[in-house]
1. Note down the magnitude of the dipole of the chain about its Cα centre, charges +1 on Lys and Arg C-beta and -1 on Asp and Glu C-beta and zero elsewhere, to the nearest 20 debye.
2. With +1 on each Lys and Arg Cβ and -1 on each Asp and Glu Cβ, how big is the dipole of segment 113-159 about its Cα centre, in debye rounded to the nearest 20?
3. If I histogram all Cα-Cα distances within segment 107-150 using bins 5 Å wide from 0, what percent of pairs lands in each bin?
4. Subtract the Cα-Cα distance of E104 and M1 from 0.36 nm times their separation in residues, and report this length gain in nm to one decimal.
5. Tell me the carbon and sulfur percent of the accessible area for the chain, rounded to whole percent, probe radius 1.4 Å.
6. About the Cα centre of segment 1-83, how large is the charge dipole given +1 on each Lys and Arg Cβ and -1 on each Asp and Glu Cβ? Please answer in debye to the nearest 20.
7. Name the residue, out of V124, V74, V59, whose mean-square fluctuation peaks in a Gaussian network model built on the chain with Cα pairs under 10 Å.
8. At 0.36 nm per residue, and after removing the present C-alpha to C-alpha distance, how many nm does the segment from S119 to R64 gain when stretched out fully?
Amino acid sequence: MKAIFERVSIRRYQDRPVEREKILALLRAAMAAPSAANQQPWEFYVVTDREKILALSAVTPHTRFAAEAPVVIVPVYRTSIKAPSYAQIDMSIALENLWLSCSEQGLGGVWMGIAPIESYMKQVEEILQIREGLRAFALFPLGYPAEERSQIDRYDESRIHFC
Ligand SMILES: Cc1cc2nc3c(=O)[nH]c(=O)nc-3n(C[C@H](O)[C@H](O)[C@H](O)COP(=O)(O)O)c2cc1C
């Protein structure tokens, strides 16, 4: 619960590499997610190449902060699965798990939307040469935080309807 209420978007990163074990811990959390028919559609590209990160950061008008990140995780999903219409929902749960596990590793990051915008998905797939049968889902730039933020309380009882 602590992780849920402390999670924030971190878009500024220290110029410091992220240890492989920490990245693997995040990906372990992502892969612990539930999925429709347990289809686990996910695969993950871990991008540290500067040129590729710069190219990814230019894909949308909202992704420029990714340029500063030492690592960008790009979750992708398989298309040959039992319930393809649920793939992006499954990916969302996995990515939220990953995001929530950042604080435990002392890391910060932010989900940058790519799917379901077809043109953004295609650009990311081209930059990373993602193979046929996989679709780009999002960008998740991350690193050691260079900004401090706290979550704004969004609890709103008027949105709750007991019946
Ligand atoms: C599906 C999705 C897409 C998002 N896309 C972007 C994005 O392209 N660029 C960005 O800087 N933040 C992006 N965000 C982060 C949101 O702006 C952020 O979660 C929201 O403003 C709430 O702030 P918080 O995460 O600090 O609580 C995205 C978040 C989600 C869930």
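1. Result for the chain is approximately 140 debye, rounded to the nearest 20.
2. 160 debye
3. 5, 21, 24, 18, 11, 12, 7, 2, 0
4. Gain on stretching E104 to M1: 35.8 nm.
5. C and S fraction of accessible area: 52 percent.
6. Value, rounded to 20: 180 debye.
7. Among V124, V74, V59, the largest mean-square fluctuation in the Gaussian network model of the chain belongs to V59.
8. Taking 0.36 nm per residue and subtracting the Cα distance, the gain is 18.1 nm.
The values are calculated or read from the model by the stated rules, or taken from the named source; none is laboratory data. Predicted model, so just to flag it, every value in this text is computed and none were measured. Note that each Cβ is placed from the backbone with ideal geometry, even for glycine, and that neighbours are counted across all protein chains shown. Each accessible area value is taken on the protein alone, full model and side chains, heavy atoms only, with ligands, DNA and RNA left out. Shrake-Rupley method; radii C 1.70, N 1.55, O 1.52, S 1.80 Å.
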